[in-house]
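**Student:** Input: one structure, supplied below.
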Amino acid sequence: MNHDFEIEEMEIAEDHVHIFLGFAPKYSISDVVKSLKGASARSVFMKYPEVKRELWGGEFWEDGYFARTVGDKVTKDIIKKYIKYHKDHEKTPQQLELF
């Protein structure tokens, strides 16, 4: 399934994922999240079918998510810097200083 999403920066942690991506305005943020979660879960379940049996109710992702759009004060560069920080440094309260 191709929605023409452009992943500009990504970091995968043990219990969450940071993704900075661009997409056409015809998609809502919830549609994008639903698509990404669905595609990634299908991929994991196809490659590792035992994972689905280990999960409570067979759900790979939790229902929630956080989304932030680019604006005047939180720029593209700030968001990319935040994600890169997570790739390179221990996750500590100091990361809040980026904002």
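**Student:** Output the qualifying pairs, or none if there are none: Cβ atoms under 8 angstrom, residues six or more apart or on different chains, first residue in segment 48-67 and touching a residue at least 40 places away in the same chain (Cβ under 8 Å) and within 23 Å of residue 79 (Cα to Cα), second residue exposed (fewer than 10 other Cβ atoms within 10 Å of the Cβ) and among the aromatic types (Phe, Trp, Tyr).
**Tutor:** Nothing qualifies.
**Student:** Check whether at least one residue in segment 38-49 is closer than 21 Å to residue 83 by Cβ and not in a helix (DSSP H, G or I), and report yes or no.
**Tutor:** Scanning segment 38-49, I find no residue that is closer than 21 Å to residue 83 by Cβ and not in a helix (DSSP H, G or I), so the answer is no.
**Student:** Okay, next question. Could you grab me the full set of residues in segment 19-31 that are among the hydrophobic types (A, V, I, L, M, F, W, C), over 23 Å from residue 87 (Cα atoms) and not in a loop (DSSP other than H, G, I, E, B)?
**Tutor:** 29
**Student:** Just name the residue that is modelled with the highest pLDDT out of those in segment 1-10 that are surrounded by 12 or more Cβ atoms within 10 Å (Cβ to Cβ) and part of a loop (DSSP other than H, G, I, E, B).
**Tutor:** 5
**Student:** Exactly one of these conditions fails for residue 13: (1) of a type outside the set (S, T, N, Q); (2) surrounded by 11 or more Cβ atoms within 10 Å (Cβ to Cβ); (3) touching a helix residue (DSSP H, G or I) at 6+ places or on another chain (Cβ under 9 Å). Give me its number.
**Tutor:** Only one criterion in (1) of a type outside the set (S, T, N, Q); (2) surrounded by 11 or more Cβ atoms within 10 Å (Cβ to Cβ); (3) touching a helix residue (DSSP H, G or I) at 6+ places or on another chain (Cβ under 9 Å) is unmet by residue 13, namely (2).
**Student:** Keeping to segment 40-67, report how many residues are touching a helix residue (DSSP H, G or I) at 6+ places or on another chain (Cβ under 7 Å) and either under 19 Å from residue 27 (Cβ atoms) or small (Gly, Ala, Ser) (or both).
**Tutor:** 4
**Student:** I'm checking my understanding of the structure. Among residues of segment 50-84 that are assigned to a helix (DSSP H, G or I) and surrounded by fewer than 10 Cβ atoms within 10 Å (Cβ to Cβ), which one is modelled with the highest pLDDT? Spell out how you get there, then give the answer.
**Tutor:** If we filter segment 50-84 for residues that are assigned to a helix (DSSP H, G or I), which is where we start, we get 50-54, 56-58, 76-84.
Applying the additional criterion that residues be surrounded by fewer than 10 Cβ atoms within 10 Å (Cβ to Cβ) yields 50, 53-54, 56-57, 77.
Values: 50: 89, 53: 84, 54: 86, 56: 75, 57: 76, 77: 94.
So, considering only residues that are assigned to a helix (DSSP H, G or I) and surrounded by fewer than 10 Cβ atoms within 10 Å (Cβ to Cβ), the one modelled with the highest pLDDT is 77.
The values are calculated or read from the model by the stated rules, or taken from the named source; none is laboratory data. Remember, it's a predicted structure, so these values are computed and weren't measured experimentally. Don't worry about glycine lacking a Cβ; one is built from the backbone with ideal geometry, like all the others, and counts go over all protein chains shown.
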